[in-house]
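**Student:** I have a structure here, written as structure tokens, and I will follow up with some questions on it.
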Amino acid sequence: MSNQKHVLLCGNWKMNFGPKETQAFLEKLEWNKKSNAQMRIYVPYVSLTTAQNTLEKRGLLGRDTVSIGAQNVHYEKSGAFTGEISALMLTEVGIRHTLVGHSERRQYFNETNETVLKRTVHSLEQGLEVLLCIGETLNERNSNQTESVLTTQLAAILDHATCQAHFGDALHLAYEPVWAIGTGVVATPSQAEQAHSFIREMLHTKLGSEKALKTRILYGGSVSPQNFKDLLACPNIDGGLVGGASLKLDSWHALWNLI
Ligand code: 13P
């Protein structure tokens, strides 16, 4: 692409690929460096170390190559939170990236805007880079609530000093309309661009133009090699957060090669 925007291609493996499949996938990952893009893959906790080790052996681990991240993180450093993982634990195993607020966390695990804020702030304080996910459900879209939902999901984040300080460097956003996730129904480029420009405008109003422009706003929801190019051509879409198509080497390579 001729366009000089800095693109993030992020794969969210969700609850797929334990250590064996992680190693097999990353051993076969074909890498070609791009000066205008970064690749991140968010893998299950138990596969984090294998992912890092496999890439490291191939000389492919790092900011200019591939970064590995977690899919969620708790907001306390340690304590009686059975089943949770803290930011400190992630940094101890060399992880510098995490997703927060994915709609599946909100939908199935009662994640709220309040806990999303706490996880985000804590992660940033511990030096993690956060990709914060927001997006409306089909009912909300159909009742014209998309913008008010996005406003509510971002309100406390935009008001928090720690988040304000990190937007554009360690805090980025993914707009993932819930109705497009895993359904094969992708938002049209104009639907996605409309939401992204609304989000950009919110950032602009609250944080000024420099941070608003530096913050990457990724689109997620049924991204595939067939639709990614048109999405990326939209002025306010800075990359993709990809589920299903990140699990197959051919589609993952194809997405990277479209940038
Ligand atoms: P799909 O690409 O499978 O629709 O998933 C999107 C997603 O939820 C990424 O976080």
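The values are calculated or read from the model by the stated rules, or taken from the named source; none is laboratory data. A quick note: this is a predicted structure, and the numbers were derived from the prediction, not measured. Cβ placement follows ideal geometry from the backbone for every residue including glycine, while neighbour counts extend to all protein chains displayed. All accessible areas refer to the heavy atoms of the entire protein, side chains included, with ligands and DNA or RNA removed. Shrake-Rupley method; radii C 1.70, N 1.55, O 1.52, S 1.80 Å.
**Student:** Counting only protein heavy atoms and using a 1.4 Å probe, what share of the accessible area of the stretch 1-84 belongs to carbon plus sulfur, as a whole percent?
**Tutor:** C and S atoms contribute 49 percent here.
**Student:** What is the spin-label model distance, in nm, from Asn142 to Glu30 if the labels are put 7 Å beyond Cα along the C-beta direction?
**Tutor:** 4.2 nm
**Student:** So which chymotrypsin sites (Phe, Trp or Tyr not before Pro) in the stretch 70-161 pass both tests, a DSSP loop state and at most 14 other Cβ atoms within 10 Å of the Cβ?
**Tutor:** Phe81, Phe109
**Student:** Would you mind giving the average projected area, over all directions, of the Cα convex hull of the chain in nm² with one decimal?
**Tutor:** Answer in nm², one decimal: 12.7.
**Student:** About the Cα centre of the chain, what is the dipole size in debye to 20, counting +1 per Lys and Arg Cβ and -1 per Asp and Glu Cβ, all else neutral?
**Tutor:** 540 debye
**Student:** Continuing with this model, one more query. Go ahead and run the numbers for FRET between Asn110 and Leu60, Cβ-Cβ distance against an R0 of 41 Å, rounding to 0.05.
**Tutor:** Using R0 = 41 Å, I get an efficiency of 0.65.
**Student:** Still on this structure, please answer the following. Show which lysines lie in cross-link reach of Lys20 when reach means a straight Cα distance below 16 angstrom and same-chain residues fewer than eight apart are skipped.
**Tutor:** Cross-link targets: Lys28, Lys57, Lys248.
**Student:** Under the 0.36 nm per residue contour assumption, what length would be gained going from the current alpha-carbon distance of Val46 and Glu84 to full extension?
**Tutor:** Value of the extension gain: 12.4 nm.
**Student:** Over what distance in Å are the Cα centres of the stretch 208-259 and the stretch 154-202 separated?
**Tutor:** 13 Å
**Student:** Could you tell me how many cubic angstrom of Cα convex hull volume the stretch 1-118 has per residue?
**Tutor:** Hull volume over Cα atoms, normalised by residue count, gives 125 Å³.
**Student:** Measuring from label point to label point, each 7 Å out along Cα→Cβ, what is the Cys234 to His160 span in nm?
**Tutor:** 2.6 nm
**Student:** Quick check for you: with a 1.4 Å probe and neighbouring chains kept, what is the accessible area per residue of the stretch 151-259, in Å²?
**Tutor:** About 38 Å² of surface per residue is accessible.
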